[in-house]
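Below is one structure, written out as structure tokens; comments come after it.
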Amino acid sequence: MSRRFSFLLLALAPLVTVSALYATPSGLNNIPTADTAPQGTLVLQTFSTVGGDADPDLNIGFKTGLEFKPVRFEFGADSHVYPGLGGPVVVQGKVAYPIGDHLPTLAGGVANLTFSEHERGRAGEAFGYGVLTEDFGFFRLTAGCGVQDGDALPFVGVDKTFKISHPQVVTVSDGKTTVVRRANVAGEGHGPGSGDPNSSLVTRDLFTLRADAIKQHNNGDWLYSAGVLVPICKYFVIETWGNFPSNGTSPSLTLKADIVLSF
């Protein structure tokens, strides 16, 4: 089973051209958030870390989501591909619940989960966590704590998404003539809240700045990171971030790409 799945992931690697701390639940750079992949999507992922005290690597995987409102679920799997022996396949799962209006979303999950002692010896212990994410408008704040091999690993992160808006093209008809034009004024009756000056604007994410910190297993040091996520289009997203260990180890750079498929 593991060999077949690793082969499938390896076959997907050329689709995207680009490490994460653990198996990759939706999150910031090196920490999970209360976000989940949307229902009806399959996210194919590939990621690599260069620099630091290790050789460059390549990892590939997927994640998808499921909703039973208001509860949301996410699950997925990753596998190491290069260098050295491929695998093992590690899985992750998450459940998220929005507490209420103007309150954070609570999530709990597990990542880096394997199914045998041999695979656990290669991949390390599973990482269980609880996390809260709250959107304050100008920025989002995430805080939580993980547990790995009996060690409590607190983490915190912040992200800010910058958006761009442009007038949408609308069709206006008076029953006799039809005119196609760019809608850019209020009160034209297009979209929700036609009196809203922004009702005729199309808004999309331009990029997201993200930073986080997590306590490290075994040594008590912290790993800090800062980076950016850029959606090239609705189907393709690239991410990059720098990793800065507090113990003086050389910094590293992580590159990641996602292909988002609808089904």
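The values are calculated or read from the model by the stated rules, or taken from the named source; none is laboratory data. The structure presented is a predicted model; accordingly, all values stated were derived computationally and were not measured. Cβ atoms come from the backbone with ideal geometry, glycine included; neighbour counts cover every protein chain shown. Protein only, heavy atoms only, side chains kept; ligands, DNA and RNA dropped before computing areas. Shrake-Rupley method; radii C 1.70, N 1.55, O 1.52, S 1.80 Å.
The trypsin sites (Lys or Arg not before Pro) of the stretch 214-263 that DSSP puts in a loop, and whose beta carbon has at most 14 other beta carbons within 10 Å, are Lys234. Rolled with a 1.4 Å probe across the full set of protein chains, the surface gives Ser252 an accessible area near 20 Å². Straight-line reach from Lys234: taking Cα to Cα under 25 Å and skipping same-chain neighbours fewer than 8 places apart, the lysines in range are Lys63, Lys69, Lys94, Lys160, Lys163, Lys256. Measuring only protein heavy atoms, the 1.4 Å probe finds Phe162 accessible over about 80 Å². Given axes a ≥ b ≥ c from the Cα gyration tensor, I'd like to know whether the stretch 98-168 is rounded (a/c under 1.5), prolate (a/b larger than b/c) or oblate. It comes out prolate by the Cα gyration axes. Within the accessible surface of the stretch 204-263, defined with a 1.4 Å probe on protein heavy atoms only, the carbon and sulfur portion equals 65 percent. Each of the peptides 87-97, 107-117, 220-230 was scored by the mean count of other Cβ atoms within 10 Å over its residues; in descending order, highest first, they stand as 87-97, 107-117, 220-230. For the stretch 30-83, the average shadow cast by the Cα convex hull is 4.3 nm², which is a quarter of the hull's surface.
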